[in-house]
Number of protein chains: 2
Amino acid sequence: MTVSRVLRNRGDVSEATREKVLEAAKSLGYVPNKIAGALASQRVNLVGVIIPSLSNLVFPEVLSGISAELEDTGLQPVVGVTNYSPEKEEAVLYEMLSWRPSGVIIAGLEHTEAARAMLENAGVPIVEIMDVDGQGVDSVVGISHRRAGLHMAEAIIAAGYRRIGFLGTKMPEDHRARKRYDGFKEGLAEAGITLADEEFYQGGSALAKGREMTETILRRTPDLDFLYYSNDMIGAGGLLWCLDNGIDVPGRIGLAGFNGVDLLEGLSVRLATMDACRREIGRKAAEIIAGRPHQGLIGGEVIELEPVLELGDTIRKG
Amino acid sequence: MTVSRVLRNRGDVSEATREKVLEAAKSLGYVPNKIAGALASQRVNLVGVIIPSLSNLVFPEVLSGISAELEDTGLQPVVGVTNYSPEKEEAVLYEMLSWRPSGVIIAGLEHTEAARAMLENAGVPIVEIMDVDGQGVDSVVGISHRRAGLHMAEAIIAAGYRRIGFLGTKMPEDHRARKRYDGFKEGLAEAGITLADEEFYQGGSALAKGREMTETILRRTPDLDFLYYSNDMIGAGGLLWCLDNGIDVPGRIGLAGFNGVDLLEGLSVRLATMDACRREIGRKAAEIIAGRPHQGLIGGEVIELEPVLELGDTIRKG
DNA sequence: CCCCCTCCCGTTACCGCTAACATAGCGATT
DNA sequence: AATCGCTATGTTAGCGGTAACGGGAGGGGG
């Protein structure tokens, strides 16, 4: 018992015994068994984080925000990846909840019915992240992808472009991409414009796909004067293709992507984009999980962040 | 007890009771407590994975190999990130071991003394990945970064380049980058050549840094005819800078990076690089962890993979 | 001198599950 | 009918810690 007190820095132990315990622990190479500890104390210092993918670039950034915020709280993130599959999400969530984490951070608002039920009954703070367009189970931190798309449409129209094409992922399960798409079309519709053409892809290297799709769509509809890409990587691919083919950007054709991927800083021409506040989303979500027990919040906060439009060099000004 | 048997598919239970149990579990929203289960059975279906960073692009790929291989084994990866800090690594490892995972996959061969001791005494299979240049604790899966650097040097010299510069990260703790650097200089030395200049960076967007550094080094040493970058992202930045500035690649100057990052497929000019077998490393490591209990291997395997040189378009041929 | 309080350390009873063993039920075998 | 063998289910005792409480030693106040 005294050993337990020393190793957890809890309760009074004399300096003398404390040192003896620590020394003994070190010389034995003793590593306490958190499984037993967690079972006895009903406390687990883990936070489940469930995201669709790690190769998307966006999610590692969110994760980094989460880690940073959790750093000094004694909490530790545990990551699960769903590959955009709702069934996998359900399975991963089940697995995580069976470890009784102190909280769950999960991407998106769309879950299977069973997953939603588990979240509701988990009895710990839940934060759904990335997206605020919909109804959350508990707390929500994100941006409105619908409005992001809408604002981009407005900016494009304000810049004088009229023949607009959309390039994106096939998005059966990427709800956020779909919401941007919907918002974008809505924004165009407000100005009485409809999408002149669109092109979707699946899998493969995004940069290369961006090139291919750009070539395809411009061959099919040569009079397009703007291309809106559903993410920065395919946008960058398109931009490179335009530059290689001597197309005047943003004069002859304008381009924009989405996400504000730092990785692309360093292209000769900066792609117009919209920052999705990824690190910030991670931070806020972690803050909610970490703060809940102390502040005794009842939950259900909804934090909507504002994505910032960065015009870059691929939308003409004035 | 019967419930336990049903939920684990273990032992004989009649079909009738099995169904009753499952139905009851579902209607109660029962999620078994793995903490208690693990404590009682002394078995934990988690594999600790400790890597330096998630933003490096390389590690998510390794992870994806691990996840894929673990998919049907009932084992689940739990990721810890060290930010290239040995102290953080030690802390993360301690935290992980306190959950008594079924195995640990950890990047690199260099650890603090305490970390090494923990690995040795963990009593579960340990796989050190990425690097085989050194002495491992248990199993090792990776490539020889020293030889990767060396081979690149040979290829560059064979192509006729002589005034060679190196651009890389400041690498107090990136041992693999250092080993490539050492191997590279060794390769040059064999041909009686020494590095004509070098430049190091830290932090920031790699693409942008690649541009900056390339400009800096070429301004300082204008007669360089080859630049070897310690990773593909800064290499790509350098490549873009050269293209923007109308420098003839690979005629006037040759370029090469390291890693074979898929992300960059789609640049107009393919950067010479060396594939580091990242997914494969992940797969093999996971295979060792997953296979150990069944096959009763004693451990200590060393699997060295061969990185493949891809000449791309930035080293002149013949 | 007694009482009470504080500081330290020990005792006891779980936490929720599973390994191992015990037992009940029932048909087949001798 | 007694025994055996098998399947299906129940019982018991932990797993390695922690919460909650107990209690001895020492000190200060009345």
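Just so it is clear, none of the values below were taken in a lab; they were calculated from the coordinates. Only a predicted model underlies this, so the values are computations on that prediction, with no experimental measurement involved. Glycine gets a Cβ as well: all are built from the backbone with ideal geometry, and neighbour counts include every protein chain shown.
In this assembly of identical copies, the label point of B:Glu15 (Cα plus 7 Å along Cα-to-Cβ) is separated from its counterparts by 7.2 nm, sorted shortest first.
When you count the other C-beta atoms within 10 angstrom of each residue and take the mean per peptide, A:225-236, B:259-270, A:300-311, B:239-250 line up highest first as A:225-236, B:259-270, B:239-250, A:300-311. Label-point distances for A:Thr112 to the equivalent site in the other copies, using a point 7 angstrom along Cα→C-beta, read 4.2 nm when ranked shortest first. A simple spin-label model places the labels of A:Glu301 and B:Glu120 4.7 nm from each other, with each point 7 Å out along Cα-to-Cβ. Here the Karplus relation 6.51 cos²θ - 1.76 cosθ + 1.60, evaluated at θ = phi - 60°, turns the backbone of region B:262-269 into coupling constants of 4, 3, 8, 4, x, 5, 5, 10 Hz, with x for every Gly and Pro. Residues whose amide H comes within less than 5 Å of that of A:Val127, counting only those at least five positions distant or on another chain, are A:Val104, A:Ile105, A:Ile106 (H built at 1.01 Å from N in the peptide plane). Is the shape of chain A rounded, prolate or oblate, going by the alpha carbon gyration tensor and its root eigenvalues a ≥ b ≥ c, with a/c under 1.5 for rounded and a/b larger than b/c for prolate? Taking the square roots of the gyration eigenvalues as a ≥ b ≥ c, chain A is prolate.
The relative contact order of chain B comes to 18 percent, based on Cα pairs under 8 Å that sit 6 or more residues apart. Whole Å is fine, so just give me how far the alpha carbon centre of region B:1-58 lies from that of region A:1-25. Here the two parts' Cα centres lie 35 Å apart.
For region B:147-153, 3J(HN,Hα) computed residue by residue from phi via the Karplus equation (6.51, -1.76, 1.60; θ = phi - 60°) reads 6, 4, x, 4, 5, 5, 4 Hz, glycine and proline entered as x. Couplings 3J(HN,Hα) of region B:98-109, computed from phi: 5, 9, 6, x, 7, x, 9, 10, 9, 7, x, 10 Hz, in residue order, whole Hz [Karplus 6.51 cos²θ - 1.76 cosθ + 1.60, θ = phi - 60°; x for Gly and Pro]. Computed from Cα atoms, the angle from the helix A:58-70 axis to the main principal axis of chain A rounds to 30 degrees.
Taking Cα centroids, how far is region A:78-125 from region B:149-175 in Å? So the separation of the two Cα centres works out to 46 Å.
Overall, the anisotropy analysis places region A:177-296 in the prolate class: the square-rooted eigenvalues a ≥ b ≥ c of its C-alpha gyration tensor yield a/c not less than 1.5, with a/b exceeding b/c. Extending 7 Å from Cα along the Cβ direction at B:Thr194 and again at A:Glu215 yields two label points whose distance is 4.7 nm. With contacts taken as Cα pairs under 8 Å at a separation of at least 6 residues, region A:103-225 carries a relative contact order of 21 percent.
For A:Phe166, the residues whose amide H sits under 5 Å from its own are A:Asp197, A:Glu198, A:Glu199, A:Tyr228, ignoring neighbours fewer than 5 places away on the same chain, with H placed 1.01 Å from N. Once you order the gyration tensor axes a ≥ b ≥ c over the Cα atoms, which shape class does the protein assembly as shown get: rounded for a/c under 1.5, otherwise prolate or oblate by comparing a/b with b/c? Oblate is the answer for the protein assembly as shown, as a/c is 1.5 or above yet b/c matches or exceeds a/b. For A:Leu28, the point set 7 Å out from Cα toward Cβ sits 3.7 nm from its twins in the other copies, listed from shortest up.
With R₀ set to 41 Å, the beta-carbon distance separating A:Glu15 from A:Arg43 gives a calculated FRET efficiency near 0.95. Using only the alpha-carbon atoms, how far is helix A:15-28 inclined from the longest principal axis of chain A? Give it as 0 to 90 degrees, nearest 10. Helix A:15-28 sits at roughly 70 degrees to that axis. Rounded to the nearest 10 degrees, the inclination of helix B:206-220 to the longest alpha-carbon principal axis of chain B is 20 degrees.
To check you understand DSSP bridge types, tell me what percent of the beta bridges within the protein assembly as shown (both residues inside) are antiparallel, rounded to 5. Here the antiparallel bridges make up roughly 10 percent for the protein assembly as shown.
Counting only DSSP H runs of at least 4 residues, each contributing -39500 (n - 2.57), and dividing by the residue count of chain B, the helix-based mean residue ellipticity at 222 nm comes to -14000 deg cm²/dmol.
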